[in-house]
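Colleague: Below is a structure I'd like to ask you about.
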Amino acid sequence: MLSWPKGSPWLNQSLSRITRQPLFRRLAWGVFFFFITAFVLASSYLWRGYSFKEGEIASQDIPATRKVVYIDEVETERLRNEAAGRIPRDQYFYQDAQVSEQVDQDLKGIYTKIRELQKANLSPSERTLQLRDYISQVTGASVEAFSPALIASLSDLLQRSGDELDYLESFSRGLLKEKLKYTLRENALPAARKDIAAQVAEAGIDRSLQPAVNFILIRTLRPNVVFDREGYNKEVAAAKEAVLPVQRTILPGQNIVRKGEPIDKSDLLVLNQLGLLKPRVIWPSLLGVGLFVLLLAGLLLLYLYKFRRRFLENDQYIILYGLLFVLTLLIAKGVTVLKISTDPEIASLVGYLVPLAGGAMLITVVLDAGLAVFTAVILSVLVGIMMDGQLSFVMAGLAGCLAGIFSISSLSDRAGLIRGGIYVSLANAVVILVMGLLNRTGGSTVFMGMGMGILNGFFSSVLTLGGLPYLEAAFGITSSVRLLELSNPSQPLLKRLLMEAPGTYHHSILVGNLAEAAAEAVQADPLLVRVGSYYHDIGKLKRPYFFIENQMARENPHDKIAPSLSTLIITSHVKDGLDLAREYKLPRAIEAIIEQHHGTGLVSYFYQRALESDRPELVAESDFRYDSVKPQSKEAALVMLADSVEAAIRSLQKSTPGRLEGLTRKIIKEKLQDGQLDECDLTFKDLDRIATAFVRVLGGIFHSRIEYPESMINEIERRRSRGAAINQ
């Protein structure tokens, strides 16, 4: 037997290499969440219900937890058997004429065989044995039925003359024809055989021959009345089918079993229908749960692979999604086991309190609305299973989730999450009312359920609002809510930018407008791009007057310093921006845009100035490039392009539409040729759409204006002065 050496370096290295693979980690997380889901779902089958047996005395009253309509199989079977018992069997017996003919042929064949054996060149004993075997074959009698006296009688029969045999054959055939002339049933066969023996004795046949003649007649005779079993069975089946199943209705709170009374088969049937009876064998339920969860996991993986593949390629997304799914399911399980009332009818409504919409809204905010919709369907089905397969809870859960998802799909602030909770409450109340009307539930029960549905919306909103900050902090998520908060002009950094570097502030606003329009054109994240644009140049706060947009009428300090030093100052605003972003705890997505919005681009103005110096051969292009990272995402690339285009457009003397578009496409082409877009996933088609979006926005900003004549300006001033004098 082979075994690995303890501490085998090869094995350790192999295991280490496998566990470091991203695919292994993702599979491990998937298996972990699969087992938790299966365990939560299986607990509904393992630890609930009673283990009664038929005839056992109930130790407590057991009321119905919900309304159930079921088929009473015991009573239905009893009524069907009664209907089948009323079918008269006698009508399905008929006389078979072929039986009489077959009996006559058999009898004739036996006497023919006797005559053949008389002529055969055999010893007497051999003739007797052959006759015995032939009669056994024709009549079906066993060899053991031939007694010594019968063998002797057969041997005597073989010695008789032809006339005697003719008489015995004629007598026997006539006797059997007489017996089969009328109906002869199975139950009348013993009496008929007794009568044959009496008639043989009265016919004057030799006593030595009577055993053989009697045996041949008795064994050859058989009933000529046949039972039409197929016709009878069809009639019985039709009679049973005509009996409708007995339907019984159990209302919530109705006692199924009373304490101290024996439990019968009907009680066990009702308990089973209500899901209150433990299965005798658990493994089929566990296997079913495992296969069902595996099916749901397969559908989820297929959806992600086809429509949201980026989530499968990121460990953080997998962990986050699995955590949200499992936590929502655990909360649902915890709520469903709560006993909210001693009244069974009210207690059965606990499923309406499960805040599924909270989990769905969190997935919408931190991940994706489409994924949240798919998850809502799965979670609603699972809650329905926890609540004994009741459709009302599935529909209410799904409606609440969809209302929550769609209400926050265009979220503008955290208050939108509260509004989402209100929509969830309304959706729950409407669906519960509709399901109550369809199921003909009592009015008080329906209103109680609607109240729980409204509370559900409140709980979902609280769960979303309370859980979102922790998820953002734990996973470094940049949610839409967080981005909307950062876009507020009252944010400290934006206020500083407006007051200390107003030119940069307005430049950032324009860059945001350009980048947002382009993001919508290429299916990027418009909100992230806009907010990233607002903060991309915050590093200029450290030395605002070294940047042309903040100099106003001031003297340009770069005129007095070397180009290399100017480049160092200009490029350092990226590092300074990252320091400020970390100080103010900006999300990592914003930090990435700050770091990548210049890439490794060339500071061409100061590079050209350096080339114009006395010793251009000492100028290295690498010294005049940003020491940063090229854009890794569409969003960072869009901010880079918008930043460059907005800065360049300001230098145009006459901003005609043609010149705007030409310069825009030129800058995008230069960035592409410089390799700045090599590491992001923008296509050539995307670049064309970006240019078109930029030109459309710039056309609105730099449109031409009417130049008023000098005389008109003077007239306006004159009228303004006159109005002021009258007011005095």
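Colleague: For A242 and K265 in the same chain, what is the full-extension length gain: residue separation times 0.36 nm, less their Cα-Cα distance, in nm?
Modeller: Gain on stretching A242 to K265: 5.9 nm.
Colleague: Sticking with this one: In degrees from 0 to 90, rounded to the nearest 10, what is the angle of the helix 162-179 Cα long axis to the longest principal axis of the chain?
Modeller: Taking the Cα atoms of the chain, the angle to 162-179 is about 50 degrees.
Colleague: Looking at this model, which pairs from K108/K179; K53/K240; K53/K259 are more than 24 angstrom apart at the alpha-carbon?
Modeller: From the list (K108/K179; K53/K240; K53/K259), the Cα-Cα distance tops 24 Å for K53/K240.
Colleague: Between R543 and V31, what FRET efficiency follows from the Cβ-Cβ distance if R0 is 56 Å, with the result rounded to 0.05?
Modeller: So, using R0 = 56 Å, E works out to roughly 0.55.
Colleague: Shifting gears a bit: Just order 593-604, 198-209, 666-677, 346-357 by mean Cβ neighbour count inside 10 Å, highest at the front, would you?
Modeller: 346-357, 593-604, 666-677, 198-209
Colleague: Oh, and also: Would you mind working out the magnitude of the charge dipole of the range 283-477 relative to its Cα centre, with +1 at each Lys and Arg C-beta and -1 at each Asp and Glu C-beta, to the nearest 20 Debye?
Modeller: In total the dipole reaches around 200 debye.
Colleague: Looking at this model, which pairs from K495/K575; K181/K234; K542/K654; K495/K634 are more than 26 angstrom apart at the alpha-carbon?
Modeller: Pairs exceeding the cut-off: K181/K234; K542/K654; K495/K634.
Colleague: Roughly how many Å is it from the Cα centre of the range 440-489 to that of the range 331-351, as a whole number?
Modeller: Here the answer is 21 Å between Cα centres.
Colleague: Based on the mean of other beta carbon atoms within 10 Å per residue, what is the order of 392-405, 183-196, most packed first?
Modeller: The peptides rank, most packed first, as 392-405, 183-196.
Colleague: Further, regarding this structure: If one takes the longest principal axis of the Cα atoms in the chain, at what angle in degrees, from 0 to 90 and to the nearest 10, does the Cα axis of helix 415-439 lie?
Modeller: 20
Colleague: Multiply the residue separation of E73 and L23 by 0.36 nm, subtract the distance between their alpha-carbon atoms, and state the gained length in nm to one decimal.
Modeller: Full-extension gain reported as 12.8 nm.
Colleague: Please give the charge dipole size of the chain, origin at the Cα centre, charges +1 on K and R Cβ atoms and -1 on D and E Cβ atoms. Round to the nearest 20 debye.
Modeller: Here the size comes out at about 1000 debye.
Colleague: Okay, helix-only estimate at 222 nm for the chain: each DSSP H run of n ≥ 4 adds -39500 (n - 2.57), divide by all residues, round to 500 deg cm²/dmol; what do you get?
Modeller: -21500 deg cm²/dmol
Colleague: Which is farthest toward the positive dipole end of the range 173-227 among N187, V225, A201, measuring Cα position about the Cα centre, with Cβ charges +1 (Lys, Arg) and -1 (Asp, Glu)?
Modeller: Result: V225.
Colleague: Testing the spin-label approximation: label points 7 Å from Cα along Cα→Cβ at S161 and T692. State their distance in nm.
Modeller: 12.7
Colleague: At what distance in nm do the modelled label points of V629 and D559 sit from each other, each positioned 7 Å from its Cα along Cα→Cβ?
Modeller: Result for the modelled spin labels: 4.0 nm.
Colleague: Go through 646-652, 310-316 and give me the packing order, highest mean Cβ count within 10 Å leading.
Modeller: Ranked from most to least packed, the peptides come out as 646-652, 310-316.
Colleague: Next up: Give me the angle, in degrees from 0 to 90, between the Cα long axis of helix 710-727 and the longest principal axis of the Cα atoms of the chain, rounded to the nearest 10.
Modeller: 90
Colleague: Still on this structure: Semi-axes of the chain's equivalent ellipsoid from the Cα gyration tensor, sqrt of 5 times each eigenvalue, largest first, rounded to whole Å?
Modeller: Taking √(5λ) for each eigenvalue gives 101, 35, 26 Å, largest first.
Colleague: Can I ask one more? Please work out whether the range 97-223 counts as rounded, prolate or oblate from its C-alpha gyration tensor, where a ≥ b ≥ c are the square roots of the eigenvalues and a/c under 1.5 means rounded, while otherwise a/b larger than b/c means prolate and anything else oblate?
Modeller: Because a/c hits 1.5 or more and a/b exceeds b/c, the range 97-223 counts as prolate.
Colleague: Charges at C-beta only: +1 for Lys and Arg, -1 for Asp and Glu. How large is the resulting dipole of the range 97-223 about its Cα centre, in Debye rounded to 20?
Modeller: Dipole about the Cα centre, nearest 20: 240 debye.
Colleague: Strictly greater than 12 Å: what percent of every Cα pair in the range 217-261 meets that?
Modeller: 79
Colleague: Could you compute the FRET efficiency for I385 and V225, with r as their C-beta to C-beta distance and R0 at 56 Å, rounded to 0.05?
Modeller: 0.45
Colleague: Given a Förster distance of 45 Å, report the FRET efficiency between T249 and R588 from their Cβ-Cβ distance, rounded to the nearest 0.05.
Modeller: My answer for the efficiency is 0.15.
Colleague: Another question, then. Tell me, in nm to one decimal, what length is gained between T183 and Q95 on full extension, where the rule is 0.36 nm per residue of separation less the Cα-Cα distance?
Modeller: 31.1 nm
Bear in mind these aren't lab numbers, they're just calculated from the coordinates by the rules spelled out. No experiment lies behind these values; they were computed from the predicted model shown. Positions of Cβ are generated from backbone atoms using ideal geometry, with glycine treated the same way; all protein chains shown enter the neighbour counts.
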